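The values are calculated or read from the model by the stated rules, or taken from the named source; none is laboratory data. This structure is a prediction, so every number in the text was calculated from the model and none was measured. Backbone-built Cβ (ideal geometry, glycine too); neighbour counts: all protein chains shown. In case anyone asks, the SASA skips ligands and DNA or RNA and just uses the protein heavy atoms, side chains included. Shrake-Rupley method; radii C 1.70, N 1.55, O 1.52, S 1.80 Å.
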Amino acid sequence: MEQNLELQLSEVEMIQAMYPEEGAVILDNALILQDVRNYLDQQGPAPANVAFIVKLGWIEQDSNIEEDEAADDPIIFELHCNLPRQYPNVSPELFVRCDILRREDLKDLNIKLTEYANELINLGELCVMPTLQWIQGNLSSYISNSLALLNKPSAKELVKSEEQGKLSRLLLYMHHIYSKTKRKVIIEWAGELNLTGFCLPGKPGVVCIEGDEKAVSDYFARLRRLNWKRITSRHREDSFTLKRKFTSFEEVAFSVHGGRNYHMDLGQFSQYLQDHGLGEMFQIIFGVDGK
């Protein structure tokens, strides 16, 4: 058992060194590593299982996004680890938690994670650090799938909601919109919910959506589940007499400049809003007159 505990201690200390940020590695028992050291030095009883959580942020890789901006939008996942005294001769208890994943995707991720860890154990290797690397390499596909299917309404629900006749228009302001994943789902979710409007990516980011009142609320709820540096609702209208200003949902751009920071031409954006009968929205967004 001593050799196993020495390997466990070495692996946990390596993980702590790899992820030194506060809160990245959380021990269930803050004194457990010292208990292990005391036992190995024959100065204490056999310790309990070493259990801990590794909490990390997954960041979309995009060469067009500055590193400090990308770090504002991580998707948080946790790897929960429980190492029995016999580890690495036996498999540890490992599982991932990630709030953004659907239950089905999370279940599949954990099944494959366990299979991968067991393969390493059968080869006589430590598996926690390689499993962390495996998660970071495979999480992207699970996130994309979950976001694509998140709260997808049925056609029956959409028709029933549209028949009620009350429309809404919602104006959202984000500190920035760079992520390709976010830009993709912003457009796809609008299509699923029969919403019209626009998305202006860059810094700042702006989204305007209009359509059925419930669909607008559902759309906003989906976006808020994503990680943002800042997302706020700047304006909302709800009325039975509200008329749509757009015929589709599109991503727009106006002579962006500033390198990879995508700063837009505010004059062109102001004109775009005026062309769609929403000139007053510029002042609501930025607090200044767009003229």
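Evaluate the following for Lys245: is it outside any helix (DSSP H, G or I), in contact with a Ser or Thr (Cβ under 9 Å, 6 or more places away or on another chain) and at pLDDT below 90? When the stated conditions are applied, Lys245 does not pass them. Looking across region 81-91, the residues that are of a type outside the set (Lys, Arg), closer than 14 Å to Ala48 by Cα and surrounded by fewer than 19 Cβ atoms within 10 Å (Cβ to Cβ) come down to Asn82, Pro84, Gln86.
Go through region 1-31 and count every residue that is in contact with a helix residue (DSSP H, G or I) (Cβ under 9 Å, 6 or more places away or on another chain), open to solvent by less than 70 Å² (accessible area, probe 1.4 Å) and among the hydrophobic types (A, V, I, L, M, F, W, C). Counting residues in region 1-31 that are in contact with a helix residue (DSSP H, G or I) (Cβ under 9 Å, 6 or more places away or on another chain), open to solvent by less than 70 Å² (accessible area, probe 1.4 Å) and among the hydrophobic types (A, V, I, L, M, F, W, C) gives 7. When every residue of region 203-214 is checked against the conditions, at least one turns out to be in a helix (DSSP H, G or I) and over 9 Å from Leu170 (Cβ atoms). In the set (1) among the charged types (D, E, K, R); (2) over 26 Å from the mean Cα position of the chain (by Cα); (3) within 19 Å of Asn82 (Cβ to Cβ), Lys55 fails one condition alone, (2). Every condition in (1) within 21 Å of His276 (Cα to Cα); (2) crowded, with 18+ Cβ neighbours inside 10 Å; (3) of a type outside the set (Gly, Ala, Ser) holds for Lys214 except the one numbered (1).
Considering only residues of region 217-237 that are outside any strand (DSSP E or B) and without any contact (Cβ under 8 Å) to a residue 60 or more places away in the chain, which is most open to solvent (accessible area, probe 1.4 Å)?
Taking the candidates together, the pick is Arg224.
Give region 142-156 a look and list any residue that's farther than 30 Å from Val12 by Cα and either at pLDDT 85 or above or of a type outside the set (S, T, N, Q) (or both), or say none. Result: Leu147, Ala148, Leu149, Leu150, Lys152, Pro153, Ala155, Lys156. The residues on offer are Leu123, Leu109, Leu139, and the sole one that is at pLDDT 90 or above and closer than 21 Å to Asn227 by Cβ is Leu109.
For region 92-117, the set of residues classified as in a helix (DSSP H, G or I), surrounded by 14 or more Cβ atoms within 10 Å (Cβ to Cβ), more than 17 Å from the chain's Cα centre (by Cα) and not charged (D, E, K, R) consists of Asn110, Leu113, Thr114, Tyr116, Ala117, listed by residue number. For region 118-131, a tally of residues being without any contact (Cβ under 8 Å) to a residue 60 or more places away in the chain and either part of a loop (DSSP other than H, G, I, E, B) or within 21 Å of the chain's Cα centre (by Cα) (or both) returns 5.
Does Val256 satisfy the criteria of being open to solvent by 60 Å² or more (accessible area, probe 1.4 Å) and modelled with pLDDT under 90? Yes; evaluated as a whole, the condition is true for this residue.
Would you tally the residues in region 163-180 being surrounded by fewer than 17 Cβ atoms within 10 Å (Cβ to Cβ), touching a residue at least 60 places away in the same chain (Cβ under 8 Å) and either farther than 20 Å from Phe286 by Cβ or acidic (Asp, Glu) (or both)?
Quick first cut of region 163-180, residues surrounded by fewer than 17 Cβ atoms within 10 Å (Cβ to Cβ) only: 163-166, 175, 180.
If we keep only those that are touching a residue at least 60 places away in the same chain (Cβ under 8 Å) too, we end up with 165-166, 175, 180.
Narrowing the set further to residues that are either farther than 20 Å from Phe286 by Cβ or acidic (Asp, Glu) (or both) leaves 165-166, 180.
Number of matching residues: 3.
Restricting attention to region 193-202, the residues being assigned to a loop (DSSP other than H, G, I, E, B) and either buried (at least 23 other Cβ atoms within 10 Å of the Cβ) or in contact (Cβ under 8 Å) with a residue 60 or more places away in the chain (or both) number 3.
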